[in-house]
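Notes for the one structure printed next.
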Amino acid sequence: MDGIYTDSGLNLRLYQKLYLIRKAEEYIQRKYPNDEMKTPMHMSMGEEAIVTGVCEALRGQGLFFGTYRTHALYLAVTGETDKFFAELYGKATGTAAGRAGSMHLASPENGLVLTSAVVGTTIPLAVGSALASKMRKDSKISVSFFGDGATDEGVFWESLNAACLWRLPVIFVCEDNGLAIQTPISKRRGYESLVDIVSRFNCLVLKTDTTDVKKVYELVKNAVDYIRSSSGPVFLNLKYYRYLDHVGVETDFKEGYRPEEEFKEWLERDPLKIQREFLIQNLEIEEDEIMEMEGKIENQISLSITMARLSPFPEKDDLGGGVFHV
């Protein structure tokens, strides 16, 4: 795994994904007040290293299940922006023909099985997926992304217990920013350490507070090796700082529940800044080459936005399409 620090192709690919996620959300941040994207936004700024590192380490091997904070996961898995922006604009050319909006992005053909707006609901689905993979012997690893607030739900503990009992190929990725919306850990937990408790289960537990995408990538490679050798689950506790409000496109320091100084400290460790500097200083990649890549990504986003705005809305007669009942 030390090869990651000398592999220019891999490191460029990691930066490309980080940059795509950040620039796509910066566009949303600028244009959302125009009220053309009629969907609630749960932005991913600050957590890009987690989804990028996890998805790249599992490229071609993973089946991913996410939360309502879907942008980074969708873009890390697919790399495409046409359907992404069309869905945010509610257009027929979107990932779900405009029905799903920001909180239910999916791309099953690329391994992103589904995302859900209800806290904790995709955790047991990932366990079920892992059970199916074990029965089929298809070598796929299921991955559930969730915030630390979801670990306050009973379904998390039930799912973890089942995965450990049945030795399933599943990775639980806790994107831990210490908040459940605005409520800190100290006001919602009657115990000291989540990692200590999970460590008592029959699984591998790995944790880090890094914002370096390479280190996340390495950690997940360790998780994959463990699953391949022991057929058991892995719990990852990955710290990050949510740059913006829980819902919306602005900062939330005026709310008073976290200080702006804390944000500034984390911003010094911004995942894009770290990876860009590594490309230039350690791999000696010319800045002109990086800027050319950045320009292509910005052009991709611009074209996707133009297409999304010009695309038609779904027909009223299509409203019931894909809806099933008994």
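Checking the range 62-80 against the condition returns a match, with at least one residue being within 16 Å of the chain's Cα centre (by Cα), surrounded by fewer than 24 Cβ atoms within 10 Å (Cβ to Cβ), of a type in the set (Ser, Thr, Tyr) and within 23 Å of Lys296 (Cα to Cα). Among the criteria (1) crowded, with 20+ Cβ neighbours inside 10 Å; (2) without any contact (Cβ under 8 Å) to a residue 60 or more places away in the chain, the one Glu175 does not fulfil is (2). When the range 120-168 is filtered for residues that are among the hydroxyl-bearing types (Ser, Thr, Tyr), surrounded by fewer than 20 Cβ atoms within 10 Å (Cβ to Cβ) and on the phi < 0 side of the Ramachandran plot, the ones remaining, listed by number, are Thr121, Ser133. Consider the range 51-106 and keep the residues that are β-branched (Val, Ile, Thr) and in a loop (DSSP other than H, G, I, E, B). The one that is farthest from Lys215 (Cα to Cα) is Thr93. Mind listing just one residue for me: the one in the range 82-103 that is within 16 Å of Met43 (Cβ to Cβ) and either touching a Leu at 6+ places or on another chain (Cβ under 8 Å) or among the acidic types (Asp, Glu) (or both) and, of those, surrounded by the most Cβ atoms within 10 Å (Cβ to Cβ)? Going through the qualifying residues, I end up with Glu87. Just one of the listed residues (Leu18, Leu14, Leu10) is within 23 Å of Ser116 (Cα to Cα), of a type outside the set (Phe, Trp, Tyr), in a helix (DSSP H, G or I) and modelled with pLDDT of 95 or more, namely Leu18. A search for C-beta distances below 7 Å between a residue of the range 227-243 that is crowded, with 24+ Cβ neighbours inside 10 Å and at pLDDT below 95 and any residue that is of a type in the set (Asp, Glu) and not in a helix (DSSP H, G or I), counting only pairs 6+ apart in sequence or on different chains, returns nothing.
Screening the range 159-261 for strands (runs of 3 or more DSSP E) wholly inside it with 1 or more residues that are under 16 Å from the mean Cα position of the chain (by Cα) and of a type in the set (Lys, Arg) returns the ranges 234-239. All of (1) of a type outside the set (D, E, K, R); (2) out of contact with any Gly (no Cβ under 8 Å at 6 or more places or on another chain); (3) touching a residue at least 60 places away in the same chain (Cβ under 8 Å) hold for Ile280 with one exception: (3). Of all the residues in the range 199-213, those that are crowded, with 21+ Cβ neighbours inside 10 Å and either β-branched (Val, Ile, Thr) or within 18 Å of Tyr5 (Cβ to Cβ) (or both) number 2.
The set of residues in the range 267-294 being of a type in the set (Val, Ile, Thr) and under 24 Å from Leu244 (Cα atoms) consists of Ile274 alone. The residues of the range 37-56 that are farther than 24 Å from Gly101 by Cα and surrounded by fewer than 24 Cβ atoms within 10 Å (Cβ to Cβ) amount to a single one, Glu56.
The residues of the range 128-149 that are assigned to a helix (DSSP H, G or I), more than 21 Å from Gly53 (Cα to Cα) and not basic (Lys, Arg), listed by number, are Gly128, Ser129, Leu131, Ala132, Ser133, Met135, Gly149.
For beta carbons closer than 7 Å, sequence separation of 6+ or different chains, a first residue in the range 29-41 that is in contact (Cβ under 8 Å) with a residue 12 or more places away in the chain and a second that is among the hydroxyl-bearing types (Ser, Thr, Tyr), the qualifying pairs are Glu36/Tyr89; Met37/Tyr89; Thr39/Ser102; Pro40/Ser102; Met41/Tyr32; Met41/Ser102.
The values are calculated or read from the model by the stated rules, or taken from the named source; none is laboratory data. The model shown is predicted, which means the values in this text are computed figures rather than measured ones. Note: ideal-geometry Cβ built from the backbone for every residue, glycine included; neighbour counts use all protein chains shown.
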